[in-house]
Amino acid sequence: MMEHYVTSGTAKIWTHINDDNPNCTKPYLLMCGAGPGVNDGLSEVDPLINDRFNTIRFNHRGCGTSTADGNYKIETVLEDIETIRQYYGVESWYVLGHSWGADIALFYALKHPQVCKKVIYLCGSGVQNDSDWAEECAKNTDEFEQGDFKTDDMNYEVLDAEIESFNKYIQQPTLLRDISKLKIPFHVIIGANDPRPSWATVQLAHLLPIAELKILNDCGHFPWMTHPDLLKDIILERLK
């Protein structure tokens, strides 16, 4: 397991790869963690699947030890991911995103469909900026103890900038049309007890032309905390 800093524009992006040997024969899997404004957060998921996949994780600009430059738009995140792919010489890979990272994975697949084999969309929020959704999420988060959505290491500048950028990004006139034509297999996974309302994610699963929806009973927003073996089996089965 190795850490590398990938230069992307004016920033150096922290990355973690399971095997940086260019002759590695495992298929590559990019992991997009939750956020925005926090570290990648998938270090506990990584060992569940890295015996089958050469996993790559990263921190957004301004998060963890990735350098901060004030450029925190969604488009910049997608450029950083593509730079990471090129840095490691990956021709094509699988993509897994959790929470905020699930939507980053979706947008990356829209922009670079030719390099994405399959996408695991884990506990995402869907393509929406709905006040009712946000109110229900806040209410449920206060009632359920399923890990913190905000942590001590959060960069609030990144948080605010990426949320603002997301809200503008999803206003693209052709976005839903483009999603409905995305010919990449998606596996949409949500927890039945996730404090985040599921309706927008279910809508997305039905909008995608090649998608499977899986609802995990007795699971919240962080399935690996309560059902690691189940999550491992589901991911490996969907990506085999």
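The values are calculated or read from the model by the stated rules, or taken from the named source; none is laboratory data. As the structure is a prediction and not an experimental result, all values here were calculated from the model. Methodologically, a virtual Cβ is constructed for each residue, glycine included, from the backbone with ideal geometry; neighbour enumeration extends over all protein chains shown. Ligands, DNA and RNA are stripped out before the accessible areas are found, and what is left, the full protein with its side chains, is counted by its heavy atoms. Shrake-Rupley method; radii C 1.70, N 1.55, O 1.52, S 1.80 Å.
Annotation: Cα Rg of the stretch 98-236 relative to the compact-globule expectation 2.2 N^0.38 Å equals 1.05.
On the protein heavy atoms, probe 1.4 angstrom, tell me the percent of accessible surface of the stretch 1-157 carried by carbon and sulfur. Before the final figure, lay out each step's value.
Numbers: 3130 of 6910 Å².
With neighbouring chains kept in place, the figure for the stretch 1-157 is 45 percent.
In this structure, the pairs whose alpha-carbon distance is over 21 Å, taken from K139/K168; K118/K240; K12/K168, are K139/K168; K12/K168. Note on the chain: the C-alpha convex hull projects to 11.9 nm² when averaged across all orientations. Rounded to the nearest whole Hz, the Karplus-based 3J(HN,Hα) values (6.51 cos²θ - 1.76 cosθ + 1.60, θ = phi - 60°) of the stretch 34-42 follow the sequence 5, x, x, x, 10, 5, 4, x, 10, with x at glycine and proline. Charged neighbours of K26, selected by a Cβ distance under 11 Å, balance to -1 (K, R count +1; D, E count -1). Length gained on full extension, S180 to T10: 57.8 nm, using 0.36 nm per residue less the C-alpha separation.
Solvent-accessible surface of the stretch 1-116, taken per residue with a 1.4 Å probe and all protein chains present: 37 Å². Treat each spin label as a single point 7 Å out from the Cα along the C-beta direction, and report the D20 to A68 distance in nm. My value for the distance between the label points is 2.6 nm. Ligands, DNA and RNA excluded, the heavy atoms of W93 present near 0 Å² of accessible surface to a 1.4 Å solvent probe. Reducing the stretch 202-222 and the stretch 25-40 to their Cα centroids gives an inter-centroid distance of 19 Å. Here the Karplus curve 6.51 cos²θ - 1.76 cosθ + 1.60, taken at θ = phi - 60°, turns the phi angles of the stretch 44-53 into couplings of 7, 7, 3, x, 6, 10, 7, 7, 10, 10 Hz, with x standing for Gly and Pro.
Accessible area per residue was computed with a 1.4 Å probe on protein heavy atoms; R85 scores about 30 Å². Rounded to 0.05, the FRET efficiency of the K111 and E164 pair, given R0 = 22 Å and the Cβ-Cβ distance, is 0.70.
These residues, M154, M31, go from largest to smallest accessible area, 1.4 Å probe, as M154, M31.
What GluC sites (Glu not before Pro) does the stretch 6-112 have in DSSP loop regions with at most 15 other beta carbons within 10 Å? Let's see the in-between values first.
Numbers: sites: E44, E75, E79, E82, E91; in loops: E44, E91.
Sites meeting the loop and neighbour criteria: E44, E91.
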